[in-house]
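S.K.: Let me give you the structure first, and then I'll get to my questions.
What follows draws every value from the coordinates through simple rules; no lab data is involved. Please read all numbers here as calculations on a predicted model, not as lab measurements. All Cβ positions, glycine included, derive from the backbone under ideal geometry; neighbour counts span all protein chains shown.
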Amino acid sequence: MPDIDRTADVKVTAAHGTVTAEIPLAGHASEHWLELFRSLASKQMQEFRAEAEDREDRTWVIVKLLGALPDHSPEPMLDAARGLIGQVSGLEEQFQSGAAQTEAAVRSWWARQQR
């Protein structure tokens with residue numbers, strides 16, 4: 001399951017009153033992982049926008065933050081994005097485990113049909 005790549009560097013850009021933090025994940029996420037992330041981010045992330053994007057080199061989680069608020073710390077929002085990454089990875093792991101069990105049951109059923 002994808003997790004933050006702590007060996008890579010975060011990309012940070014500021015423009016038009018918004019700061020964008022691009023968090024690198026280790027490797028590429030599955031399309032299912034990306035769909036789960038998009039769905040949960042749209043429901044859970046109210047104070048800021050988070051999205052996941054698979055690029056040529058890896059998957060990135062992109063967090064858009066307001067940059068012009070005084071005494072405003074982005075850390076809670078970045079922590080929430082990190083938590084969402086973990087939550088989605090856990091759901092993806094459960095899905096893959098369930099899919100593997102279903103696949104085994106289908107193969108077992110098929111083996112019985114061939115007798």
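S.K.: Whose amide H sits under 5 Å from the amide H of THR18, counting only residues 5 or more places off or on another chain, with H placed in the peptide plane?
M.R.: It is GLY67, by chain and number.
S.K.: Same structure again: Label ARG107 and ARG58 with points 7 Å out from Cα along Cα→Cβ: what is the distance between them in nm?
M.R.: So the label points at ARG107 and ARG58 sit 3.2 nm apart.
S.K.: Who wins for biggest fluctuation among VAL19, VAL88, VAL63 in a Gaussian network model of the chain, springs between alpha carbons below 10 Å?
M.R.: VAL19
S.K.: Once you have the Cα-Cα distance between ALA15 and GLN87, take 0.36 nm times their residue separation minus that, and quote the gain in nm to one decimal. Write out the running numbers ahead of the final one.
M.R.: Working: separation 72, 0.36 × 72 = 25.92 nm, distance 2.97 nm.
Separation in residues times 0.36 nm, less the Cα-Cα distance, equals 22.9 nm.
S.K.: Okay, moving on. Using alpha carbon coordinates only, what is the Rg to Rh ratio of the chain, with Rh defined as the Kirkwood radius? Mind dumping the intermediate values first?
M.R.: On the way: Rg = 18.4 Å, Rh = 15.9 Å.
Looking at the chain, the ratio lands at 1.16.
S.K.: OK, next. For ARG115 paired with THR7, estimate the spin-label separation in nm (one decimal), with each label point 7 Å from Cα along the Cα-to-Cβ line.
M.R.: Placing both labels 7 Å along Cα→Cβ, they lie 4.9 nm apart.
S.K.: If amide hydrogens are placed 1.01 Å from N in the peptide plane, which non-local residues have theirs closer than 5 Å to the one on ASP5?
M.R.: LEU25, ALA26
S.K.: Considering only the other residues whose Cβ falls under 14 Å of the Cβ of HIS32, what net charge follows from Lys and Arg at +1 and Asp and Glu at -1?
M.R.: Its environment carries a net charge of -4.
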